[in-house]
Amino acid sequence: MLLASNGIRFTRESSSSFTQPIPTASVTFEESEIQLKLRNLMQPCYAVQVGSEIGMSHEVGNMGNASIAVIEGSLLASVPIVTPEQLGDVDFRNTYGVRYAYHAGAMANGIASTDLVIAMGRSGLLASFGAAGLIPSEVEKAIHAIQQALPQGPYAFNLIHSPSEPLLEQGAVELYLRHGVRTVEASAFLDLTPQVVYYRVAGLQLASQNQILIHNRIIAKVSRTEVASKFMQPAPPKILRSLVEQGLITEQQAQLAAHVPMADDITVEADSGGHTDNRPLVSLLPSILSLRDEIQAQQQYATPVRVGAAGGIGTPMSALAAFVMGAAYVTTGSINQSCVEAGASEHTKGLLAQADMAEVMMAPAADMFEMGVKLQVLKRGTLFPLRAQKLYDLYRNYDSIDDIPTSEREKLEKQVFRKSLDSIWQETVSYFQGRDPKQIERATNHPKRKMALIFRWYLGLSSQWSNRGNPDRKMDYQIWCGPAMGAFNAWTQNSYLAQPAHRKVAEVAYHMMTGAAYLYRINHLKTQGLQLAPAYSTYTPEPV
């Protein structure tokens, strides 16, 4: 073993070395200069031994110029040019016209805001607008703003499954088709619905050379293999027949649908903020990659479905791990919520910037409350998770508001709702009259459903209080967050990104991908027997 004074070791048993002429001006042995060479991803890097020292150079071998001074040294290890643009699937980058195989995922209620999507798009990166939870007029306003700023893209809009409010899902699809939104991120789907099939198939066209053109692209975010399988398969014939009968798609489009998958991309969602099954990425991603390969062997699609990774992607190392496992792209979520452009309040961003990995927990979801579905939220600085769970326990144990003991009801009115439950019901009626009147009709003679709608008042507004920064409701903020946020904070704590005011979403993406490429370089050198001190093995973000 050779140990140099600059913190680099070389284990001869792990690699072979041979003598090369090395341009004198190119080689350096100083720690700071070595770090600069390692971070210069546009140049190859060579570890060389000269005497008893180990240094780094961008050049080795006879350069064909006799005027260049050279020294003799042993080549110990080498790594080629590795850039952020090389990570992931080239088809993903080409399909969406982006620089990196990187996607900023949708965060509901406009947290993934127009400003965030536009900032990413102007940097040549893909982001999804967080349309979930917004009324159609707000989504339409966002479509106009984003299309005006990014007429050629890239951008996407969220299409969330709404089992309790199907009209919202239908309305979103109609908006997207009417305004030419060509990419949606489909999330929280438990099965394929007529709405998502309609969006996909309405964009199919047969070109002059019998090539199927796919105009409406879907990035499906899933956490279960059975749901992934549905999006990897062609659209169900039963739904296609119904859409043809309604005149929504043509017979030819229904026939073309049999030859393309429902989604272009499958985002494997592991332990993330919001809706999540808390599954580990290292187990979930390989299983869905294998499923994709099986279905591709059966269907023989012209372009195989790409599989990306989400959930826990909060550092360059986690992004690199996903790419090494075979992810075509990575999707980030929690970390973007703390960025300048996110539609969250400054107080919320401050809480997120202080969070560690353990400061998250599961709480009932507003959109699937009756089903017992939960989502992951921040527990730091808020009582929302505990209060939301209390509401679900009451819903599970009683059949109506009137069945709840008087003492419990008084606590709800005083501590959680801060209003009488009767007044909350009147507000709920007014709200759904303009959003989805059928919700009130179904609850009129169904006390338990009425109770669910009243409880969903709190669950729904709590995220809006967080986004708007309602000062009277700080202890009720619902802040969707996964452990990636804590990992991001730990990674950036000694850098300029430690402060929320410096967290610009496109710069975060740049450092995530550049750091991943840098760490790939470090790991490649290590496989050749080079052992590097921690100073070399860490990527610290610096102002762009």
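The values are calculated or read from the model by the stated rules, or taken from the named source; none is laboratory data. Quantities reported herein were computed from a predicted structural model and do not represent experimental measurements. Quick reminder, even Gly has a Cβ in these numbers, built from the backbone with ideal geometry, and neighbours come from all protein chains shown. With ligands, DNA and RNA removed, areas are computed over all heavy atoms of the protein, side chains included. Shrake-Rupley method; radii C 1.70, N 1.55, O 1.52, S 1.80 Å.
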Hey, which of the strands (runs of 3 or more DSSP E) in segment 1-93, taking only ones fully inside, have at least 1 residues that are at pLDDT 90 or above and either closer than 16 Å to residue 536 by Cα or open to solvent by 80 Å² or more (accessible area, probe 1.4 Å) (or both)? 45-50, 53-57, 70-79
Inside segment 311-340, can you point out the residues that are assigned to a helix (DSSP H, G or I) and farther than 24 Å from residue 538 by Cβ? 337
Have a look at 402, 476, 436, 422 and point out the one that is acidic (Asp, Glu) and at pLDDT 95 or above. 476
Just name the residue that is modelled with the lowest pLDDT out of those in segment 341-385 that are open to solvent by less than 30 Å² (accessible area, probe 1.4 Å), assigned to a helix (DSSP H, G or I) and out of contact with any strand residue (DSSP E or B) (no Cβ under 9 Å at 6 or more places or on another chain). 369
Before we move on, is residue 99 within 18 Å of the chain's Cα centre (by Cα), of a type in the set (Lys, Arg) and open to solvent by 10 Å² or more (accessible area, probe 1.4 Å)? yes
Which of (1) farther than 15 Å from residue 258 by Cα; (2) open to solvent by 20 Å² or more (accessible area, probe 1.4 Å); (3) touching an Asp or Glu at 6+ places or on another chain (Cβ under 7 Å) is the odd one out, the single condition residue 230 does not satisfy? (1)
Which condition number in (1) of a type in the set (Asp, Glu); (2) surrounded by 22 or more Cβ atoms within 10 Å (Cβ to Cβ); (3) in contact with a helix residue (DSSP H, G or I) (Cβ under 8 Å, 6 or more places away or on another chain) is the one that residue 185 fails? (3)
Looking across segment 274-285 at residues that are assigned to a loop (DSSP other than H, G, I, E, B) and either over 21 Å from residue 88 (Cα atoms) or charged (D, E, K, R) (or both), the single one that is least open to solvent (accessible area, probe 1.4 Å) is 276
Those residues that are open to solvent by 20 Å² or more (accessible area, probe 1.4 Å), in contact (Cβ under 8 Å) with a residue 12 or more places away in the chain and assigned to a helix (DSSP H, G or I), I need them from segment 145-170; list them, please. 145, 147, 149, 166, 167, 168, 170
For residue 308, are the conditions met, namely being among the small types (Gly, Ala, Ser) and either part of a loop (DSSP other than H, G, I, E, B) or crowded, with 24+ Cβ neighbours inside 10 Å (or both)? yes
Scan segment 191-226 for residues that are assigned to a helix (DSSP H, G or I) and either surrounded by fewer than 20 Cβ atoms within 10 Å (Cβ to Cβ) or in contact (Cβ under 8 Å) with a residue 40 or more places away in the chain (or both) and report the count. 9
All-but-one check, residue 271 against (1) surrounded by fewer than 19 Cβ atoms within 10 Å (Cβ to Cβ); (2) more than 24 Å from residue 155 (Cβ to Cβ), failing number (1)
Look at residue 236 and say whether it is open to solvent by 20 Å² or more (accessible area, probe 1.4 Å) and either under 18 Å from residue 301 (Cβ atoms) or in contact with a Gly (Cβ under 7 Å, 6 or more places away or on another chain) (or both). yes
If we scan segment 460-469, do we find a residue that is within 30 Å of residue 333 (Cα to Cα) and without any contact (Cβ under 8 Å) to a residue 60 or more places away in the chain? yes
Give, as residue ranges, the helices (runs of 4 or more DSSP H) completely inside segment 424-541 that count at least 3 residues that are of a type in the set (A, V, I, L, M) and open to solvent by less than 10 Å² (accessible area, probe 1.4 Å). 447-468, 505-526
Just wondering, is there one or more residues in segment 99-110 that are among the aliphatic types (A, V, I, L, M), in contact with a Ser or Thr (Cβ under 8 Å, 6 or more places away or on another chain), modelled with pLDDT under 95 and within 30 Å of residue 139 (Cα to Cα)? yes
Out of the residues in segment 312-340 that are touching a Pro at 6+ places or on another chain (Cβ under 9 Å) and open to solvent by 10 Å² or more (accessible area, probe 1.4 Å), which is nearest to residue 497 (Cα to Cα)? 340
